[in-house]
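No value in this document is a laboratory result; all are computed from the given coordinates. None of these values were measured; they are calculated from a predicted model. Here Cβ is always computed from backbone atoms with ideal geometry, including for glycine, and neighbour counts include all displayed protein chains.
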Amino acid sequence: MKKIENYNRSNLENFIYHEADLLDQWKLDEWLELLDDNFIYQIPSNDSLDTTHRKSLFLVADDSNRIKERVHRLKDKNAHAEFPHSRTRRIITNVLVREVNKIDEKIIINLHANFITYRFKRGGDIRTYVGSYQYVITEFDENYKIMQKKVILDAYELGTMGLISFIL
Amino acid sequence: MNSDHYVINDTKNFDFQVNRRSLVDQSILDLEMEKIFDKCWIYVGHESEVKTVGDFKTRNVCGRPVILCRDMNSNIRVYLNACRHRAAVVCRESEGNTRSFFCFYHGWSYNINGELDGVPGKASYPPSFDPSKLGLAEPAHVDSYKGFIFLTFNQNASSLVDYLAGATEYIDLIVDQSPSGKMEVIKGTQEYDIKANWKLLVENSFDDYHLITTHSTWLNYMKRSGVEIKKPEKGHLMPSHGIGKVLGNGHAVIDNVNFRGRPVAKWIPLYGESSKLEIEKIREELTNRLGSERSQRVAETNRNLVIFPNLVLNDGSAVTIRTFHPVRPDLMNVTAWALGPIEESEVARAVRLDSFLTFYGPGGFATPDDVEALESVQKGMATFKEVPWSVMSRGMSKDGEQLNTDELHLRAFWIRWKELMFNQIDL
């Protein structure tokens, strides 16, 4: 393993903006193609930020199979909480490359980004989700894949956000 | 106000209807706070959440800020979180360990036994000022049953165990999942508001009639993961047999043959091959300890228990403690925790938590659709003047067994509600 300094983040930024765009457009199958085979998607409850999903109750803890099932469910009009789909708009800022390592031919990037996501639902309140994404992204052959997307929500009282029925 | 304007219970003509005004009207909620929430035993928390002296959690119970605390003598205490001087909250953190509760406004402080032990400038108070009478106030009674802590603001309340009535049988079935009889609340709290009347979540929490249509995507997911979903028997709606049962004092339960897997202890493919042996071991311990009949009941049935008015223990894909408090007629705060045996191995604990998330919670595969259903009901409730009544008579004309998809258990809640709201009984 070799540490890489001064990794250029502009391509990475484009990549996560593209990811956000796919989610905003509900192009979930295309979104799945951005994921690594060992992908994990996690949203810890806000009193368990210092532990793991194996020891503590999270809000979401999907492995690569569960996320495919989540997408399968969300495409079904019987996923009533998201039918009709909510409209979402993800605003992503403060992108920071935390650490970059090279293992064999693979580059592994720990990336931080802040987000504000608005969710609009017919007949419902506007919900605002604020927090940070902790990404682990791999680069291989100039191709990015997401290995981890951990969503840290800032709200003290998560209750006010109601559901997290779409993919943050 | 006539009670029959709210709940019609005509057993002769098999007619049971609930007036929708009871789900939209602020004056009804005000009355509920007085007649139900100020009178019943209400869930506060679990003993495992305050393990050592000085541990505390702050909560909102029946609209009151309270502190759940383990005092100097290791007793469980519940304090009203309000300074005796001007009522500012004396503990503003959600959890922690402390030696005192300090009101920053004027500096009054209390020890963890609730005693007032610091008053700046005490000399200016008249001689009648008596700090020993100004400790943190407590609810009329606090008691626990097998780790579950309840409070009541009702001075004349009967004992907790009398209040729980037949519900204790079902709490015992949960506690029996631990070899030592000790369960613990697992770290990690789920909170989600629902824009619906709190009584709708009572109904929803043990209403299996909605499962097939509301949760078809969850059932699909189960199927796709390798769980066998049998075709319902003739005249039934569910893939396995299940009954609704009334437990007294407004408590009721659905008691179902399990098809969806249980961390204690029925393995399904979703748990992964690597945990199969572990789940079998748990089952073996269960059988050795409880005998074949009871262990089968613990491991191969799942149960949704409603303890009147606002505690739900879902002993299903995991064990969920869920409680909820009304904020407005059309808004409630829901809090949920996972409960597990204290001696659970790391593998079994991980299975439990994973299993929990397949169904429950704001990001689960089922709960969001429940929330959507309740919010949808609440929106429709705006038509209550034109269409005042909801029918709740499923199973009413049948003799004998009531199914989980019938509504006997829902009616039990509403009958109790009516009795308390309209002074037909006095707690």
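Report, to the nearest 10°, how far helix B:367-380 tilts away from the longest principal axis of the Cα atoms in chain B, using its own Cα long axis and a range of 0 to 90°. Around 80 degrees separate the two axes.
Applying 1/(1 + (r/R0)^6) with r as the Cβ-Cβ distance of B:Asp25 and B:Arg86 and R0 = 45 angstrom yields a FRET efficiency of 0.85. Relative to the dominant Cα principal axis of chain A, helix A:64-74 is inclined by about 30°. Spin-label pair B:Leu331-B:Lys231: with each label point 7 Å from Cα along the Cα-Cβ axis, the two points sit 4.9 nm from one another.
Could you pull out the pairs from A:Lys149/B:Lys276; A:Lys77/B:Lys276; B:Lys199/B:Lys418 whose alpha carbons sit more than 22 Å apart here? In this structure, A:Lys149/B:Lys276; A:Lys77/B:Lys276 lie more than 22 Å apart at Cα. As a proxy for reagent exposure, ranking A:Ile16, A:Ile152 by other Cβ atoms within 10 Å from fewest up yields A:Ile152, A:Ile16.
In the protein assembly as shown, taking the dipole from charged Cβ atoms about the Cα centre, the farthest positive-side position among B:Gln378, B:Ala350, B:Ala252 is held by B:Gln378. Between rounded, prolate and oblate, where does the protein assembly as shown land on the alpha carbon gyration tensor, with a ≥ b ≥ c its root eigenvalues, rounded for a/c under 1.5, else prolate if a/b exceeds b/c? Note, shape of the protein assembly as shown comes out oblate.
Add +1 for every Lys or Arg and -1 for every Asp or Glu among the other residues with Cβ under 12 Å from the Cβ of A:Phe15, and state the total. Before the final figure, lay out the partial values.
Details: positive: A:Arg9, A:Lys145; negative: A:Glu13, A:Glu19, A:Asp21, A:Glu139, A:Glu142.
Net charge around A:Phe15: -3.
Under 5 Å between amide hydrogens, built in the peptide plane, is the criterion, and for A:His53 it picks out nothing among residues at least 5 positions away or on other chains. Calculated mean residue ellipticity, 222 nm, chain B: -7500 deg cm²/dmol, from DSSP H runs (n ≥ 4) at -39500 (n - 2.57) each, averaged per residue and rounded to 500. The ranking of B:Lys199, A:Lys77 from fewest to most other beta carbons within 10 Å of each one's beta carbon is A:Lys77, B:Lys199. With a 4.7 Å Cβ cut-off, tell me which Cys residues in chain B come up empty for a partner. Isolated Cys, chain B: B:Cys40, B:Cys62, B:Cys69, B:Cys91. Each of A:Phe83, A:Ser56, A:Phe15 was scored by the projection of its Cα onto the charge dipole of region A:2-156, and the greatest displacement toward the positive side belongs to A:Phe83; charges sit on the C-beta of Lys, Arg, Asp and Glu.
Residues with beta-carbon under 13 Å from that of A:Glu33, excluding A:Glu33: net charge, scoring Lys, Arg +1 and Asp, Glu -1? Write down the numbers at each step before the final one.
Numbers: positive: A:Lys27, A:Lys68, A:Lys145; negative: A:Glu19, A:Asp29, A:Glu30, A:Asp36, A:Asp37.
After counting each charged neighbour, the total is -2.
Helix A:10-24 and the longest principal axis of the C-alpha atoms of chain A enclose an angle of approximately 20°. Local charge sum around B:Ser74 (other residues, Cβ-Cβ under 11 Å, Lys/Arg +1, Asp/Glu -1)? Every neighbour counted, the sum reads 0.
Dividing the summed helix terms, -39500 (n - 2.57) for each DSSP H run of n ≥ 4, by the number of residues in chain A produces a 222 nm estimate of -5500 deg cm²/dmol to the nearest 500. For chain A, the Cα-based Rg and Dmax, in that order, read 16.1, 52 Å. Remark: region A:35-48, residue by residue, has Karplus-estimated 3J(HN,Hα) of 9, 6, 4, 9, 4, 10, 10, 9, 10, x, 5, 7, 9, 9 Hz, where x stands for each Gly or Pro and the curve is 6.51 cos²θ - 1.76 cosθ + 1.60 at θ = phi - 60°. The charge dipole of chain A, taken about its Cα centre with unit charges on the Cβ of Lys, Arg, Asp and Glu (plus for the first two, minus for the last two), comes to roughly 500 debye. Excluding residues on the same chain fewer than 8 positions from B:Lys182, give the aspartates and glutamates whose Cα lies under 12 Å from its Cα. Within the straight-line cut-off, B:Lys182 pairs with B:Glu47, B:Asp172, B:Glu343, B:Glu344.
Is the shape of chain B best called rounded, prolate or oblate, per the rule: a/c under 1.5 gives rounded, else a/b larger than b/c gives prolate, else oblate, with a ≥ b ≥ c the square roots of the Cα gyration tensor eigenvalues?
Values: a/c = 2.05, a/b = 1.29, b/c = 1.58.
Here chain B falls in the oblate category.
Kirkwood Rh over Cα pairs of region B:1-112 into Stokes-Einstein at 37 °C, 0.692 mPa s: D in µm²/s?
194 µm²/s
The fewest-to-most ranking of B:Ile229, B:Ile112 by surrounding Cβ atoms within 10 Å reads B:Ile229, B:Ile112.
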